[in-house]
Amino acid sequence: MWLLVGGDSEIGAAARTNFEAAGHAVVATTRRPDGAATGRPLLELSQPLGDWQPPAGTRSACVFAAVARLAACAGDPQGSAHINVTQTLGVIERLLARDIHVVFLSTNQVFDGRTPNVAPDAPASPVSEYGRQKARTEAALKERMADGAPLAILRLGKVVSPGMALIDGWIGQLAAGKSIRCFRDMMMAPTPTALVVQAIEALMAERRAGIYQLTGPRDVAYSEVGRFLARQIGADAGLVTEGSAAEAGVPEGATPPNTTLDSRRLSALYGLEAADAWDVIEAVNTRLRP
C-alpha cells in the first residue's frame with residue numbers, strides 16, 4: 001500500500017487519482033476534519049502528531065504536505081517552519097522506523113537561481129524563507145540517506161495543471177479584450193502535473209533512494225507567457241503589459257533568474273522529460289488547443 005501525506009494538495013490529489021486508476025492501493029491523508037473517512041485519515045501538521053502512525057501495510061509514502069507559498073513562509077517563518085521542517089521530519093522518522101520508503105517533494109528554491117540546470121549535488125543556497133526551510137529538511141534527510149535510509153528527494157520547479165487559474169484568468173481577460181499585466185522578472189520552466197505524478201510513481205514503485213530533479217528544459221518570463229497566450233488566441237498583443245515583480249513587493253527569492261534543474265537522472269532512468277514551455281502551457285489549457 002502507498003501512503004500520500006497531504007492528499008488535499010493539488011499534486012497529491014492528482015497522484016491519488018492516477019495511482020488508484022493504475023491499480024495501486026492508496027491511502028491519502030487529509031487535513032480537513034470533515035473530509036476524513038476510510039482511506040482518508042486525518043493528519044494536520046500544524047497540530048501535535050501525538051500517537052499518529054502510518055497505516056499498517058504501508059510500503060512506500062510520498063510527502064506532499066507543506067506550506068509552499070513564499071509569502072506565507074516569509075510572513076510566518078516560525079509557524080511555517082514548524083510544518084515544513086519539524087513536523088515533516090517527525091512524520092518521516094515514523095515512516096522510516098517502519099522501513100517505509102519515502103519520497104520527499106522539494107523545490108528549486110533550495111538554490112539561489114543564479115545558475116541554470118543546477119546539478120543535484122550542488123550545495124544549497126536558498127534566498128527565500130521557503131527555500132531555507134526546505135533546505136533544512138533536505139539536510140536532515142541527506143544524513144539519513146547516508147546511513148542507508150530508503151529516502152528519495154524530488155526537487156520540482158513550477159508545476160502546472162489543467163485549468164491553472166493564473167493562465168486561465170489571463171486567457172479570459174485577453175479574450176474579452178481586457179489588458180493583463182505580467183512580470184518580466186519572474187521566470188518559470190513549467191512541468192506538467194501528470195509528468196510529476198509519473199516520476200513519483202516510478203520512485204515509489206522501485207523504492208528508489210537519492211536526489212532527483214524535474215523541471216522544464218528552459219525558463220520563460222511570465223511576460224513572455226502572456227504574449228504567447230495572446231498570439232495563440234488571436235488577441236491584440238498590446239493588451240499584454242509588463243511589470244516588475246521586484247517592484248511589486250513580492251517576497252524575497254521570488255524572482256530567481258533561473259529555475260531550471262538538471263533533470264537528466266529521471267530521463268535516463270525512466271525517459272521522463274518535460275517538453276518545451278510553450279508545449280506544456282498549450283497542453284494543459286484546452287482553450288489554446290486547435
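The values are calculated or read from the model by the stated rules, or taken from the named source; none is laboratory data. Values in this document were obtained by computation on a predicted structure and should not be read as measured data. Don't worry about glycine lacking a Cβ; one is built from the backbone with ideal geometry, like all the others, and counts go over all protein chains shown.
A search for C-beta distances below 6 Å between a residue of the range 109-127 that is under 16 Å from L154 (Cβ atoms) and any residue that is among the polar types (S, T, N, Q), counting only pairs 6+ apart in sequence or on different chains, returns Q109/S128; F111/S125; P120/Q213. For the residues R98, R94, the requirement of being surrounded by fewer than 18 Cβ atoms within 10 Å (Cβ to Cβ), modelled with pLDDT of 95 or more and part of a loop (DSSP other than H, G, I, E, B) singles out R98.
So that you can scan it fast, the table gives a plain yes or no per residue for (1) more than 25 Å from L261 (Cα to Cα); (2) in contact with a Gly (Cβ under 9 Å, 6 or more places away or on another chain):
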position	(1), (2)
G75	yes, no
Q78	yes, no
F104	no, no
F111	no, yes
R114	no, no
D121	no, no
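Taking first residues from the range 266-283 that are loosely packed, with under 14 Cβ neighbours inside 10 Å and partners that are acidic (D, E), the Cβ contacts under 7 Å between residues at least 6 apart in sequence or on separate chains come to S267/E273. Any residue that is closer than 17 Å to L4 by Cα and out of contact with any Asp or Glu (no Cβ under 8 Å at 6 or more places or on another chain) - is there at least one of those in the range 129-147? There is no residue in the range 129-147 that is closer than 17 Å to L4 by Cα and out of contact with any Asp or Glu (no Cβ under 8 Å at 6 or more places or on another chain).
Take the conditions (1) acidic (D, E); (2) out of contact with any Ser or Thr (no Cβ under 9 Å at 6 or more places or on another chain); (3) under 24 Å from Q198 (Cβ atoms); E138 misses just one of them, which is (2). Scan the range 149-163 for residues that are over 12 Å from the mean Cα position of the chain (by Cα) and not hydrophobic (A, V, I, L, M, F, W, C) and jot them down. Listed by number, the residues that qualify are P150, P162, G163. Which ones in the range 37-58 are assigned to a loop (DSSP other than H, G, I, E, B), of a type outside the set (S, T, N, Q) and under 22 Å from the mean Cα position of the chain (by Cα)? Correct list: L43, E44, L45. Search the range 11-36 for residues being among the charged types (D, E, K, R) and part of a helix (DSSP H, G or I), and hand back the single one that is surrounded by the most Cβ atoms within 10 Å (Cβ to Cβ). Out of the qualifying residues, it is R16.
Pairing residues of the range 219-244 that are on the phi > 0 side of the Ramachandran plot and touching a residue at least 60 places away in the same chain (Cβ under 8 Å) with residues that are surrounded by 14 or more Cβ atoms within 10 Å (Cβ to Cβ) and in a helix (DSSP H, G or I), at Cβ distances under 6 Å and at least 6 apart in sequence or on separate chains, gives no pairs at all. Comparison of A165, A175, A152 shows that the only residue that is among the small types (G, A, S), closer than 22 Å to G90 by Cβ and either at pLDDT below 95 or in contact with a strand residue (DSSP E or B) (Cβ under 7 Å, 6 or more places away or on another chain) (or both) is A152. Only one of the numbered conditions (1) in contact with a strand residue (DSSP E or B) (Cβ under 9 Å, 6 or more places away or on another chain); (2) surrounded by fewer than 17 Cβ atoms within 10 Å (Cβ to Cβ); (3) of a type outside the set (A, V, I, L, M) is violated by G50, and that is (1). For P41, the conditions (1) more than 23 Å from T215 (Cα to Cα); (2) at pLDDT 95 or above are fulfilled apart from (2).
Among the residues in the range 47-67, are any out of contact with any Cys (no Cβ under 9 Å at 6 or more places or on another chain), farther than 25 Å from A202 by Cβ, touching a residue at least 24 places away in the same chain (Cβ under 8 Å) and of a type in the set (F, W, Y)? Checked against the condition, which is being out of contact with any Cys (no Cβ under 9 Å at 6 or more places or on another chain), farther than 25 Å from A202 by Cβ, touching a residue at least 24 places away in the same chain (Cβ under 8 Å) and of a type in the set (F, W, Y), the range 47-67 yields at least one hit.
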